[in-house]
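Step one of this worksheet: look at the structure below.
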Amino acid sequence: MATAERDCVLHSWSVQADWDAPTVVGGRGARLHLADGREILDMSSLAECSNLGHQHPRLIEAIRAQAERLCFVTNAWGAQPRAELAQALLERSGFEGGRVFFTLGGADANEHAVRIARQAARKPGGAIIARERSYHGATQLAMAMSGDTRAKALGIDPRALGVHHVPPPYGYRCPFGGRDEAQCGERAAAAVADRIDDLGAGNVAAVIMEPDAGTNGIVAPDNYWPALRMHTADRGVWLIADEVMSAFGRCGEWFAWQRHGEAGRPDLMTLAKGLTGAALPLGAVVLSREVAATLEHEVLYSGLTYCGHPLACAAGVAALQAYEDEGLIERSRALGVRLLARLQQLQTRHRVIGDVRGGHGLYAIVELVSDRQSRAALAPWPQTPPALKALVDEAMAAGVSFATRGNLIVLAPPLVVSEDELADAISLLDRLLARFFP
C-alpha cells in the first residue's frame, strides 16, 4: 500500500493536519493528470512557474541528453549549457557585456542580487528599499524584503537586515490618495525617491521591486516603473527588478520591464520559475555591464554547491528555445488582451468584482469586494473569504484549478493553454461567481 504523503511530508505554507491535496502523476500542455484518473486544467501554472505547461517534450529531451553527457560539475569548472544559457539571457535582455550568476531558485536569486549590489556599490551594510505588499521569497533576507504579512508571523525584523519599505503602487486602493492610476504611479515612485533622500543616497545600496506579476496581486500603473528607474538612476542607486514571476512571457515580454523600453532597464534582475519552465529548479541574477565591471577584479563572496547545475541549465537553454520557436511570448501578449477583455465582461455582470487588472500577458487579477462603491474587502487581507474557498473547491471538482490569495483570483495559465481551454475556464468562473456570489 502506498504511503500517504500527508503522513510523512512537511508541506510549506500549510496547516499540516488540514493538508489533503491530490497526487499528480503526469501532465500534458496546460493539464495535470491525477492519480485518481482525473485531468485538471491548471489556471495558475502551479505557482506561476510552469509557463511551458507540463512535460514539455523539448525540456524532457534536453534533460535526458544532458544527463547522458554530464549530470554535474561545480561552477569552479566550466559547463557548456551554463555558458550557453548565460549568453542567451544576456542577448535577450540586451545586457551585453554583463554577467549572469546562477542560483537554485527565486528567493536565493534575490538574496544574491542584494549581496552583489552591496558589494558592487561598495556599501556592504547599505540599505535596501523594497515595498509593502510584495513578495521576494521565503529565505530570511528575502522574507525581510517582502512586504508580506507572513514576515511578521515569523518574527522577522526588516530593519535589522537593513531593509526599508515604502507603500505600493496599488492603483485600486492608492495608499497616497491618488485620484487615478497615473497619479498613484507617480506618487508611489516619488515615495521611493523620498525614502532614498531621507536615508541619504550614499547609504542606500539598492531598490528591489517587482515590475509586474506577483502573488501580491498588485499591477503597477504604466507610468510607475519608468519613473522609478529615473529616480533611482538620478540618485546613483542600483535598481533590481524581481522578475521571478513576471519574466518569460508571463507579462507579454521576455522580461516585464521591456514593455517600457530603455526607460525601464534595471541594473540587475532576478529570474527563476519560467527560466526552465519549472522542469528543474534554477534561478539567476543578471548583471548589467556597469555592475559586472565593478566586480571584475575582486572576489565574489557568494556561491552554492549547485549554482549553475548543468542539468538545470540545459533545461533553461531548451526552455528559451521553446519560447522563441513556438512564438509563446507574442502568443501570451495576444491572449492576455483577450483574457482581460473577457474578465471585464464578467465585471459588468458580477457586482462582487471590484477590479480587474493585468492583461499584458497571460496574467490577470480579479479582486472581489463586498461593496463596489466603497471598495470594501470581502475579508481582511490576506484572509480568503469562505465563499471564495468554496468556489475554488467546486471548480476543482469540475476539473479546473484556480489560484487565490485573500480576496483575489489569480489567473496565470501556461502559455501553451489552448484558446478553447481558456474560454472554458472563464465560462466556468462566470457560472461559479453567479452561484457563490449571487
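Enumerate the pairs (first residue in the stretch 5-19 and free of Cβ contacts under 8 Å to residues at least 40 places away in the same chain; second residue anywhere and among the hydroxyl-bearing types (Ser, Thr, Tyr)) with beta-carbon separation below 8 Å, excluding pairs fewer than 6 apart on the same chain, so at least 6 apart or on different chains.
Glu5/Thr23
Test Ala312 against the stated conditions and say whether it is in contact (Cβ under 8 Å) with a residue 24 or more places away in the chain, in contact with a Lys or Arg (Cβ under 7 Å, 6 or more places away or on another chain) and surrounded by 14 or more Cβ atoms within 10 Å (Cβ to Cβ). Break it down stepwise before answering.
Working: in contact (Cβ under 8 Å) with a residue 24 or more places away in the chain: yes; in contact with a Lys or Arg (Cβ under 7 Å, 6 or more places away or on another chain): no; surrounded by 14 or more Cβ atoms within 10 Å (Cβ to Cβ): yes.
Answer is no for this residue.
Output the residues belonging to the stretch 384-419 that are in a strand (DSSP E or B), touching a strand residue (DSSP E or B) at 6+ places or on another chain (Cβ under 8 Å) and touching a residue at least 24 places away in the same chain (Cβ under 8 Å).
At the first step, the residues of the stretch 384-419 found to be in a strand (DSSP E or B) are 400-401, 403-405, 408-411.
So of that shortlist, the ones also touching a strand residue (DSSP E or B) at 6+ places or on another chain (Cβ under 8 Å) come out as 400-401, 403-404, 408-411.
Listed by number, the residues that qualify are Val400, Ser401, Ala403, Leu408, Ile409, Val410, Leu411.
Among the residues of the stretch 260-287 satisfying the criterion of being part of a helix (DSSP H, G or I) and in contact (Cβ under 8 Å) with a residue 60 or more places away in the chain, which is most open to solvent (accessible area, probe 1.4 Å)? First the steps, then the outcome.
So the first thing to find is which residues in the stretch 260-287 are part of a helix (DSSP H, G or I), and the list is 260-264, 273-275.
Then drop every residue that is not in contact (Cβ under 8 Å) with a residue 60 or more places away in the chain, which leaves 273-274.
Numbers: Lys273: 54, Gly274: 2 Å².
It comes out as Lys273.
Within the stretch 242-259, identify whether any single residue is small (Gly, Ala, Ser) and part of a helix (DSSP H, G or I), and answer yes or no.
Taking the stretch 242-259 first, the residues small (Gly, Ala, Ser) are 246-247, 249, 252, 256.
Add one more test, that the residue is part of a helix (DSSP H, G or I), and what stays is 256.
For the stretch 242-259, residues small (Gly, Ala, Ser) and part of a helix (DSSP H, G or I): present.
Considering only residues that are in a strand (DSSP E or B) and farther than 25 Å from Glu324 by Cα, which ones fall in the stretch 27-57? Let's see the steps before the verdict.
First, pick out the residues of the stretch 27-57 that are in a strand (DSSP E or B): 27-29, 31-34, 39-42, 54.
Of everything in the stretch 27-57, those that are in a strand (DSSP E or B) and farther than 25 Å from Glu324 by Cα turn out to be His33, Leu34, Glu39, Ile40.
Based on what the data block shows, is Arg150 of a type in the set (Lys, Arg), within 22 Å of Glu367 (Cα to Cα) and at pLDDT 95 or above?
On the way: of a type in the set (Lys, Arg): yes; within 22 Å of Glu367 (Cα to Cα): yes; at pLDDT 95 or above: no.
For Arg150, the condition - of a type in the set (Lys, Arg), within 22 Å of Glu367 (Cα to Cα) and at pLDDT 95 or above - is not met.
Just the residues that are of a type outside the set (Phe, Trp, Tyr) and either touching a residue at least 60 places away in the same chain (Cβ under 8 Å) or open to solvent by less than 10 Å² (accessible area, probe 1.4 Å) (or both), please, taken from the stretch 318-329.
Of the residues in the stretch 318-329, the ones of a type outside the set (Phe, Trp, Tyr) are 318-322, 324-329.
Those that are of a type outside the set (Phe, Trp, Tyr) and either touching a residue at least 60 places away in the same chain (Cβ under 8 Å) or open to solvent by less than 10 Å² (accessible area, probe 1.4 Å) (or both): Ala318, Ala319, Leu320, Gln321, Ala322, Glu326, Leu328, Ile329.
Just one of Asp222, Asp157 is open to solvent by 50 Å² or more (accessible area, probe 1.4 Å) and farther than 26 Å from Ala403 by Cα; which is it?
Numbers: Asp222 fails: farther than 26 Å from Ala403 by Cα.
Answer to the selection: Asp157.
Please determine, by comparing only the residues of the stretch 160-169 that are open to solvent by 20 Å² or more (accessible area, probe 1.4 Å) and either among the aliphatic types (A, V, I, L, M) or in a loop (DSSP other than H, G, I, E, B) (or both), which one is farthest from Glu111 (Cα to Cα).
From the stretch 160-169, those open to solvent by 20 Å² or more (accessible area, probe 1.4 Å) are 160-161, 164-165, 167; that's our starting set.
Now narrow it down to the ones that are either among the aliphatic types (A, V, I, L, M) or in a loop (DSSP other than H, G, I, E, B) (or both): 160-161, 167.
On the way: Ala160: 15, Leu161: 11, Pro167: 21 Å.
Looking at the filtered set, the residue picked out is Pro167.
Write out, first by first residue and then by second, each pair whose Cβ atoms fall under 6 Å of each other, whose residues are 6+ apart or on separate chains, and whose first residue, in the stretch 104-118, is closer than 13 Å to Ser302 by Cα while the second is assigned to a helix (DSSP H, G or I) and open to solvent by less than 10 Å² (accessible area, probe 1.4 Å).
Pairs found: Asn110/Ala142; Glu111/Ala142.
Run down Ala151, Ala206 and say which single residue is out of contact with any His (no Cβ under 7 Å at 6 or more places or on another chain), in contact (Cβ under 8 Å) with a residue 60 or more places away in the chain, hydrophobic (A, V, I, L, M, F, W, C) and open to solvent by less than 40 Å² (accessible area, probe 1.4 Å).
Values: Ala151 fails: in contact (Cβ under 8 Å) with a residue 60 or more places away in the chain.
Of the residues listed, the single one that is out of contact with any His (no Cβ under 7 Å at 6 or more places or on another chain), in contact (Cβ under 8 Å) with a residue 60 or more places away in the chain, hydrophobic (A, V, I, L, M, F, W, C) and open to solvent by less than 40 Å² (accessible area, probe 1.4 Å) is Ala206.
The values are calculated or read from the model by the stated rules, or taken from the named source; none is laboratory data. Treat the numbers as computed from the prediction; the structure is a model and nothing was measured. Ideal geometry is used to build each Cβ from the backbone, glycine not excepted, and the neighbour counts take in all protein chains shown. The accessibility values were calculated without ligands, DNA or RNA, using every heavy atom of the protein model including side chains. Shrake-Rupley method; radii C 1.70, N 1.55, O 1.52, S 1.80 Å.
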